[in-house]
Structures are given as structure tokens and as C-alpha cells.
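Since the structure comes first, as C-alpha cells, the remarks are kept for the end.
The values are calculated or read from the model by the stated rules, or taken from the named source; none is laboratory data. Owing to the predicted nature of the structure, the values given are computational and were not obtained by experimental measurement. Neighbour counts run over all protein chains shown; Cβ positions are idealised from the backbone, glycine included.
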Amino acid sequence: MIYAKIKDAEERERLKEALVTTKDKRMYSRLLIISLSSEGYQVKRLSEMFNVCKATIRTYIKSYSEGGLKGLAPIKQPGRPVKIGHWTKGDWDKVLEQTPSGYEKLSSRSRVWTLDLLRKYVKQYHGIDVCISSIHDSLKKTGRRTGRSKLRVGSPDPEYIAKRQHTKGVQNLP
């Protein structure tokens with residue numbers, strides 16, 4: 001039988017505190033597995049409780065034995081680096097504050113942004129070729145709406161906003 005061995009009371013306190021403070025659900029389950037293993041739960045029982053294979057439980061116990069709490073931390077999986085995933089809400093606001101027809105290279109007469117137009121914008125103005133789902137994911141990550149867009153009424157007249165407010169004020173008169 002293999003069990004996690006906690007060296008002393010101080011280590012047990014660190015484990016309990018890590019269980020309370022962690023926000024990563026994978027790390028939480030790993031910490032809980034170590035905690036229960038140290039209390040005498042067998043690998044087979046832990047495997048059934050957490051619905052993971054026995055080899056994974058043994059790997060967690062071995063990682064904890066060799067590296068402590070740091071040894072349990074999930075390793076970032078390698079993958080292709082994101083192209084526009086680092087764009088902030090401010091970056092998107094700068095693009096979206098102007099209609100697509102305002103960007104000459106897009107050669108579009110549209111006044112409403114679509115994901116495809118945003119993809120073309122990123123390709124033309126930043127030289128980054130991305131798919132529509134990357135645009136969607138980046139917008140969602142920054143809290144922007146990606147559903148049906150609202151029609152924005154605009155005018156090249158610099159006094160348009162003042163005139164529009166005046167018209168609304170007149171309409172509300174008794």
C-alpha cells in the first residue's frame with residue numbers, strides 16, 4: 001500500500017491552508033487526495049471517489065513525496081502560443097469605437113462589426129492571420145458581447161450628438 005506521508009504538524013497546516021486558499025479545482029482535488037491518503041485512504045478507494053485511475057493517484061502521491069506542495073502543482077501544457085489572446089478590453093475598444101467602413105483597408109461599407117470583419121481587420125492592420133473562433137474567444141475573455149450587434153446611428157456631422165439630444169428633448173416636451 002502506498003500512502004502520502006506528511007512529515008510534521010507544520011506540513012499538515014500548510015496542506016490545510018492550501019486546501020482552503022486554492023482557486024484551481026485541479027490543484028484542490030490533488031491536495032484533497034493527498035490529505036485523504038495521509039489519513040489512511042487506500043489508492044483504490046481514492047480512485048473511485050475522484051473518478052481517476054489508480055496510476056494517477058500514485059503519481060500525485062509520488063509527486064508530493066518528492067516535491068511537497070510545489071510538486072503537486074499542475075504543469076502548464078505545451079501548445080501553440082496565442083496570437084491575439086493578450087489583447088485587452090482597451091485594445092478592442094480602440095478597434096470597435098469606429099465602424100468597419102471607417103477602416104480604409106477593409107473596403108467595407110458595413111456599419112456593424114462581424115467576427116469575419118474583425119478577422120479581416122486583424123489580418124490587414126496587424127498582419128496576424130487568425131480564425132474567427134480566436135476572435136470570438138478573445139472578445140469573450142475581455143467581457144465583450146459577441147451576439148447580435150446593435151445598430152449604431154451615426155453621422156459625419158460634428159454637431160450630430162448635440163442635435164440628437166436636442167431632438168430628444170423636444171420630443172419629451174408636454
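Numbers at a glance
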{"item": "Any chance ARG111 is touching a residue at least 24 places away in the same chain (Cβ under 8 Å) and assigned to a loop (DSSP other than H, G, I, E, B)", "result": "yes"}
{"item": "Scope the range 70-86; condition surrounded by 10 or more Cβ atoms within 10 Å (Cβ to Cβ) and more than 17 Å from the chain's Cα centre (by Cα); matching residues", "result": "GLY71, LEU72, ALA73"}
{"item": "Matching residues in the range 90-105 - criterion: being exposed (fewer than 13 other Cβ atoms within 10 Å of the Cβ) and either outside the structural domain of GLN124 (by TED's automatic domain parsing) or part of a helix (DSSP H, G or I) (or both)", "result": "GLY90, ASP93, LYS94, GLY102, GLU104, LYS105"}
{"item": "Some residue of the range 149-156 being surrounded by 11 or more Cβ atoms within 10 Å (Cβ to Cβ) and farther than 30 Å from LYS7 by Cβ", "result": "yes"}
{"item": "Those residues of the range 15-41 which are exposed (fewer than 13 other Cβ atoms within 10 Å of the Cβ), within 34 Å of the chain's Cα centre (by Cα) and charged (D, E, K, R), in sequence order", "result": "LYS16, GLU17, LYS23, ASP24, LYS25, ARG26"}
{"item": "Residue within the range 114-129 that is among the β-branched types (Val, Ile, Thr) and in a helix (DSSP H, G or I) present", "result": "yes"}
{"item": "Flag for LYS44 being surrounded by fewer than 15 Cβ atoms within 10 Å (Cβ to Cβ), without any contact (Cβ under 8 Å) to a residue 60 or more places away in the chain and not small (Gly, Ala, Ser)", "result": "yes"}
